[in-house]
Each structure stands twice: as C-alpha cells, then as structure tokens.
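My structure is below; once you've seen it, I'll send some questions.
FYI, it's all coordinate maths here, none of it is from the lab. Because the structure is predicted, anything quoted here is derived from the model rather than measured. All Cβ positions, glycine included, derive from the backbone under ideal geometry; neighbour counts span all protein chains shown.
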2 protein chains.
Amino acid sequence: MSRFARTPEPPYYAVIFTAQRTDGDHGYGAMAEKMMEMALEQPGCLGAESTRDADGLGITVSYWTDEASIAAWKAVAEHLAAQRLGRERWYSHYEMRIARIERAYSGPQGRG
Amino acid sequence: MSRFARTPEPPYYAVIFTAQRTDGDHGYGAMAEKMMEMALEQPGCLGAESTRDADGLGITVSYWTDEASIAAWKAVAEHLAAQRLGRERWYSHYEMRIARIERAYSGPQGRG
C-alpha cells in the first residue's frame, strides 16, 4: 500500500500533527494503528501520510474535504479517549496545525 | 535544539513535503543539511519540522510568513540545483503541498 495520500485538486484541508513520543509503548502502537484506520474511514477524510524517526519525532498529516469533517473526527468518542491518552502518556510535546491546502504537485515527473 | 518550529499566531503558510528516498546517499545528507540551514535563513521563514523513518519516508514541513517568501526560496540558485538532484537522484516519489495555516495549538498543557 502506498504511503502517499491520493488527494484531489486543491482546495482541501490538512491537519499537521508533529509530536515527540515519550519512551516506552504504553499501548501507543495498537491505538495509533486503530486511530489511523478509523480516521481513514471518516466522512471527508482524503488520506494521510505519517512517519516517525528513531528518536521518536513523528509527523502525521491527514487530509480532509472541509473543516467540518475535521471537527467531527475530533469529537468521535474513541478518538477523544485516544487524545486524552496522548496528552497524559504518549507525547512529551506536540504541535497541531489546521491548514487549507492551496496548491499541490507530485514528482519526479515520469518516475515513481 | 528543539525540533519543533516556534511559529506565531496564524495565519501563516506551510510547505508540506512528503518524499520517499531512493537507496544510498548520493550526496543527499550533506545537501539536505545545507538546504535546511539556508531555508531557515531566508526572509519570511518561520521554522521547519522534519523527520524520516528507517524505510526512507520523510515529511518536512517548513513555515513561512507569506506565499511570496515561499516563491522566493524556490527560486534561489542553490535550491534550484538541489531540486534538480532531488528529481534525478534522491526521491522515487514526492508530494509537495502549499497550505495556509488557519489554526494551531500546542500540547500537552503543562508538560513538555
């Protein structure tokens, strides 16, 4: 499965989540997998891209048709529980930014 | 040094660059470091966050005051040379998205 999101022509929306993990798993791996699966099934979700290095710094960008879809996903009960565990256990620091994608392009031309 | 960008209150702009590295270095490491240093010194650059996993999937998000600053950085000669090498050697696939940050917040409250 491609790790790139197949997004449509802009405009659309993105949630950029940059987060430093604490040490140890504390249930993170299983929950993160489940939350990604759930997010991708939400109405308005266009896809997501996610990576994390060996030092525990991760960036996940999820893409959405509109801001209402982002707000609806934020309020899903299981996701609220995961957000709470994120604050309490999993992340020493995070930055969350909501953005409107204005322009986009892919590359390299003729490769990949 | 913190790996989080200290960005101001929105609105501001972001370039989200998701890219799969090819195998081998081919001069990538040194050039990537130099380009990050140069980008952070450009007028209008607010900071950047970057991470890459062991499979070579990286996400770099750079933050800018406005779209004109992004366009100016794209046209810097050394950066143009790096972009060419990126297309020819370093990336099997990439997605570049330019976004306007609408809202942002940090966490966890009282930690980090």
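So if R0 is 30 Å, what FRET efficiency would A:Thr65 and B:Asp66 give, r being the distance between their Cβ atoms, rounded to the nearest 0.05?
The computed FRET efficiency comes out at 0.70.
Please identify, among A:Ala68, A:Ala39, A:Ala30, the residue showing maximal mean-square fluctuation in a Gaussian network model of chain A using a 10 angstrom Cα cutoff.
Comparing A:Ala68, A:Ala39, A:Ala30 in a Gaussian network model of chain A, the most mobile one is A:Ala30.
May I pose another question? Tally Lys/Arg at +1 and Asp/Glu at -1 over every other residue whose Cβ is under 10 Å from the Cβ of B:Tyr28; what's the total?
Combined, the nearby Lys, Arg, Asp and Glu give 0.
Can you work out the FRET efficiency for the pair B:Glu9 and A:Gln109, with r the C-beta to C-beta distance and R0 = 41 Å, to the nearest 0.05?
That gives a FRET efficiency of 0.65.
Once you've got the GNM for chain B with C-alpha springs shorter than 10 Å, pick whichever of B:Ser92, B:Ser62, B:Ser50 has the biggest mean-square fluctuation.
B:Ser92
So, R0 is 22 Å and r is the distance between the beta-carbons of A:Ala54 and B:Asp23; what FRET efficiency does that work out to, to 0.05?
After rounding to 0.05, the efficiency reads 0.75.
Between beta-carbons, use under 9 Å as the cut-off and find the net charge around A:Ala14, counting Lys and Arg +1, Asp and Glu -1.
Its environment carries a net charge of +3.
Still on this structure, I have one more. Can you grab the distance from the C-alpha centre of the stretch A:45-112 to the C-alpha centre of the stretch B:57-108, Å, no decimals?
The distance from the Cα centre of the stretch A:45-112 to that of the stretch B:57-108 comes to 17 Å.
Mind running the shape call on the stretch A:1-84? Use the C-alpha gyration tensor, a ≥ b ≥ c as the square roots of the eigenvalues: rounded below 1.5 for a/c, prolate if a/b tops b/c, oblate otherwise.
Since a/c reaches 1.5 but b/c is at least a/b, the shape of the stretch A:1-84 is classed as oblate.
What does the average come to when, for each residue of peptide B:11-24, you count the partner chain Cβ atoms lying within 10 Å of its Cβ?
Other-chain Cβ atoms within 10 Å of each residue's Cβ, averaged: 3.
Shielding by partners for B:83-89, please: the mean number of other protein chain Cβ atoms within 10 Å of each residue's Cβ.
Other-chain Cβ atoms within 10 Å of each residue's Cβ, averaged: 2.
I've got another one for you. List, shortest first and in nm to one decimal, how far the label point of B:Ala72 (7 Å from Cα along Cα→Cβ) is from its counterparts in the other copies.
4.2
With θ set to phi - 60° and the Karplus curve 6.51 cos²θ - 1.76 cosθ + 1.60, what are the ³J(HN,Hα) couplings of the stretch B:46-62 in order, to the nearest whole Hz, using x for Gly and Pro?
Using θ = phi - 60°, the values come out as 9, x, 7, 10, 8, 7, 8, 8, 5, 8, x, 8, x, 10, 10, 10, 10 Hz.
Students often forget the sequence filter, so: which lysines lie under 30 Å Cα-Cα from B:Lys34 once same-chain residues fewer than 8 apart are removed?
B:Lys74
Report the relative contact order of chain A, percent, no decimals, based on alpha-carbon pairs under 8 angstrom and at least 6 residues apart.
Worked out over chain A, it gives 44 percent.
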